[in-house]
Amino acid sequence: LAYQRLNESTRNRLADCIQVSRASLKSLRIGITSDRRSSTWPMRNELGEVIGVRIATLPWINERSDKWSRQKSQNGIFVSRASSPQTKRLFITEGASDTAAAITLGLWAIGRASCNTSTFFVDRYIHLSQPTRLTLVADNDAPGIHGATRLAKSLCETLPQSLKSVEIITPPNPSSDLRSWIAEGADVSEIQNAEPILTKTAARQTVFEFEM
């Protein structure tokens with residue numbers, strides 16, 4: 001209902017304000033609350049089923065764009081409902097608008113509600129989708145890098161066979177997050193070729209020793 005409530009002109013205005021494409025907002029099924037003061041961002045499980053909603057005050061209502069989750073929401077992942085990805089490299093972003101920004105560039109991306117949430121659903125998603133390269137895009141601050149490091153460490157405990165490691169990249173100064181990095185001119189090539197600040201390797205035991 002929230003998605004159906006969002007008219008084209010408001011979607012276009014939101015896209016312009018946060019500097020992402022209209023198509024990315026459509027693919028994420030962004031909607032609007034009944035009072036038309038906030039946008040709604042569905043959070044899904046690994047199968048694409050909606051399990052929660054993230055809400056953000058519209059930028060022209062409140063410049064800070066306050067964010068919160070709908071009551072009884074689960075912190076799932078932001079996943080595009082568009083066609084299958086054309087690449088096997090998956091980017092995991094921090095925040096809904098960063099996910100929209102990555103999709104705007106044509107990257108295969110899913111997002112977490114914050115730097116400390118949704119580990120379970122990220123793990124389930126990569127086991128279902130089997131990417132061959134996994135890149136976490138951390139916000140350019142201590143909490144973002146710490147959260148991404150914790151996620152990488154957790155994922156590496158049970159990586160699918162398609163992956164051998166998880167890498168972390170951050171936007172260069174003065175960009176604070178992926179969306180601002182792209183808004184300041186970063187293109188697909190710059191993001192894809194960014195030097196990882198950390199790479200975690202899968203924790204696989206390849207040799208077994210048994211006592212006789």
Region 1-83, relative contact order in percent, only Cα pairs under 8 angstrom and at least six apart counted: 26
Distance between region 72-137 and region 24-50 - C-alpha centres, whole angstrom: 14
In sequence order, calculated HN-Hα J values of region 176-191 (Karplus, 6.51, -1.76, 1.60; Hz; x Gly/Pro): 9, 8, 4, 4, 5, 4, 5, 4, 8, x, 5, 10, 4, 4, 5, 6
Label point distance in nm, D141-S189, each placed 7 Å from Cα along Cα→Cβ: 3.2
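Charges at C-beta only: +1 for Lys and Arg, -1 for Asp and Glu. How large is the resulting dipole of region 80-190 about its Cα centre, in Debye rounded to 20? Mind dumping the intermediate values first?
Values: 10 positive and 11 negative charges, 104 e Å.
Computed charge dipole of region 80-190: roughly 500 debye.
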Residues whose placed amide H lies under 5 Å from that of S38, excluding near-sequence neighbours: T33, L58
Given charges at beta-carbon only (K, R positive; D, E negative), |dipole| of the chain in Debye: 840
Accessible carbon and sulfur surface of region 48-145 relative to its total accessible area, %, 1.4 Å: 48
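Do any of K26/K67; K67/K88; K26/K72 go past 26 Å between their Cα atoms, and which?
Pairs exceeding the cut-off: K67/K88.
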Nearest-ten-degree value, helix 142-155 long axis tilted from longest Cα axis of the chain: 50
The chain, relative contact order in percent, only Cα pairs under 8 angstrom and at least six apart counted: 15
Region 95-159, relative contact order [Cα under 8 Å, separation at least 6], %: 29
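How much accessible area per residue does the chain have, counting only protein heavy atoms and a probe of 1.4 Å, in square angstrom?
53
Rounded to a whole number, what is D in µm²/s for region 85-194 from Stokes-Einstein with the Kirkwood radius over alpha-carbon pairs (25 °C, 0.890 mPa s)? Provide the component values of the computation, followed by the final result.
Values: Rh = 13.7 Å.
After rounding, the answer is 179 µm²/s.
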Amide H contacts under 5 Å for L136, placed H, 5+ residues apart: I92, E167, I168, I169
Gained length - D16 relative to T87, 0.36 nm times residue gap less alpha-carbon distance: 22.9 nm
Selection from T132, F121, T170 lying farthest towards where the dipole of region 54-197 points positive, charges on Cβ: F121
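The values are calculated or read from the model by the stated rules, or taken from the named source; none is laboratory data. Note that the coordinates shown come from a computational prediction; the quantities given were computed from them, not determined experimentally. Cβ coordinates were reconstructed from backbone atoms using ideal geometry, including for glycine residues, and neighbour counts include every protein chain displayed. Heavy atoms of the whole protein, side chains included, go into the accessibility calculation; ligands, DNA and RNA do not. Shrake-Rupley method; radii C 1.70, N 1.55, O 1.52, S 1.80 Å.
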